Every structure is written in C-alpha cells, then in structure tokens.
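The values are calculated or read from the model by the stated rules, or taken from the named source; none is laboratory data. Quick caveat, the model's predicted, so the values are computed rather than measured. Calculation scope for accessible area: heavy atoms of the full protein, side chains included, ligands and nucleic acids excluded. Shrake-Rupley method; radii C 1.70, N 1.55, O 1.52, S 1.80 Å.
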Amino acid sequence: KRTILAPVLAVLLLTAPPLPATTRYVWSGGSETAPYTNWATAAKRPHLAANLSQNGDLVLITNGTYLFSTSVNITNGVTVRSVNGRDVTFLNGNAGRRGVYMTHPDGVVDGLTITNGYNGGSGGAGIYMTAGLAKNCRIMKSTTASGGGGVRIQGGVITNCIVEDNRAPNNGDG
C-alpha cells in the first residue's frame, strides 16, 4: 500500500492548482494587524505588507503620504501598486532611507511617488533595482553620494516614470 500512495500523492501535489495570490493593503487608518488582508487591518507602513508577500501577491497602497524608515524590499514576484496613482500616493523617506530595493524579475512597483530617499553609498536613493519593473512612478528629491540619486538600475525596466530633482553630487543626478 505504501508504494502506491507515494506516487499518487506526488501526482496530486504536482497537479494541484496553485494557491491563490493574496492581496495585502496599506492605509494610514488601518489597525496594522497582520496579514493585512483587508482595509480595516491594513498595514500603516508599506514595507510590512511587502515583507509578508509571496510570489504573485499584490500590495495595494491607498492615497496618502507614508513616511518610512525601512525600505520597501521586493525580493520576490510581488506587485506593489497604488490604488489611485502617483499623484496621490507618496512614499517619503524623510531623507533617511532608500525608497525601494527591487531584485526579483517578477517584482513590480506601479503608480507611486517615491520622494526624499537617501542612500549614503552608491546610487538608487529612490529606487535601486537589479530586476523587475517600475512603471507609472515619480521618483524625486532623493539624494546619494554617486551613481544615480533617484534611480540606480542594474537590470529590469523603468517605463512611464518621471525622474526629477534628484541629487548625486559626485556622479549622476538621475
């Protein structure tokens, strides 16, 4: 009986449909109760929702300005998206931290204004990416020593984004 069960179990596991993706919410009025799966329990800090997310998940951020002291790290296939676009949804680093760090090819940042990021090292105080997609964003007023104040891209794609008023005094303001 054991020899039959193992192959049958393996077939069932391999043919089972994938688990549905999870939507996590970010809102300044949420209770910040993990796993942030509705507006009432929404995270108040975007990095918390992103950190819990797995491949295929969506992090929705509603209108507001979100001060952050920890970068939004996208290290798996997660989409971080504003509900109503970059004109009303702001991630503000308060000149203390990089905004977004993205390393996964299926990672997406969509429709955010990322502002006042800071990186004392080399580049990407607004967004630093080695893979993924940044679209419909505004990256502005971020500062680093060199190598792209607003964006440092070593891989991935940036499309339909506005990159303005960033500083890298030693090399590459963009």
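Quick check for you: with a 1.4 Å probe and neighbouring chains kept, what is the accessible area per residue of the stretch 47-90, in Å²?
42 Å²
Students sometimes get this wrong: rank Asp110, Asp165 by accessible area, probe 1.4 Å, all chains present, largest first.
Descending order: Asp165, Asp110.
Quick one: with all protein chains in place, what share of the accessible area of the chain is carbon or sulfur, to the nearest percent (1.4 Å probe)?
Here carbon and sulfur together make up 54 percent of the probe-accessible area.
How long is the gain from Ser122 to Asn76 if the chain were fully straight, where each residue apart is worth 0.36 nm and the alpha carbon distance is subtracted? Intermediate values should be presented prior to the final figure.
Values: separation 46, 0.36 × 46 = 16.56 nm, distance 2.31 nm.
Between Ser122 and Asn76, full extension yields 14.2 nm more.
Across the Cα atoms of the chain, what radius of gyration and what greatest pairwise Cα-Cα distance (Dmax) are found, in Å?
Reported Rg and Dmax, both Å: 18.4, 71.
Quick check: from the Cα gyration tensor, does the stretch 60-161 come out rounded (a/c under 1.5), prolate or oblate? Each step should come with its number before you reach the end.
Numbers: a/c = 1.60, a/b = 1.09, b/c = 1.47.
Oblate, because a/c is 1.5 or more while a/b does not exceed b/c.
Tell me, what is the percent relative contact order of the chain, built from C-alpha pairs under 8 Å that lie six or more residues apart?
It rounds to 13 percent for the chain.
Could you give the radius of gyration (one decimal) and Dmax (whole number) of the Cα atoms in the stretch 120-174, in Å?
10.0, 28
In terms of solvent-accessible area of protein heavy atoms at a 1.4 angstrom probe, what is the ranking of Ile158, Ile153, Ile127, highest value first?
Ile153, Ile158, Ile127
Of Met140, Met129, which has the most accessible area and how do the rest follow, probe 1.4 Å? Let's see the in-between values first.
Numbers: Met140 35, Met129 0 Å².
These residues rank, largest area first, as Met140, Met129.
Hey, can you find the accessible area per residue of the stretch 134-174 for me, probe 1.4 Å, expressed in square angstrom?
Values: 2010 Å² over 41 residues.
I get 49 Å² per residue for the stretch 134-174.
Using alpha carbons only, how many degrees (0 to 90, rounded to 10) separate the axis of helix 2-15 from the longest principal axis of the chain?
So the inclination is approximately 40 degrees.
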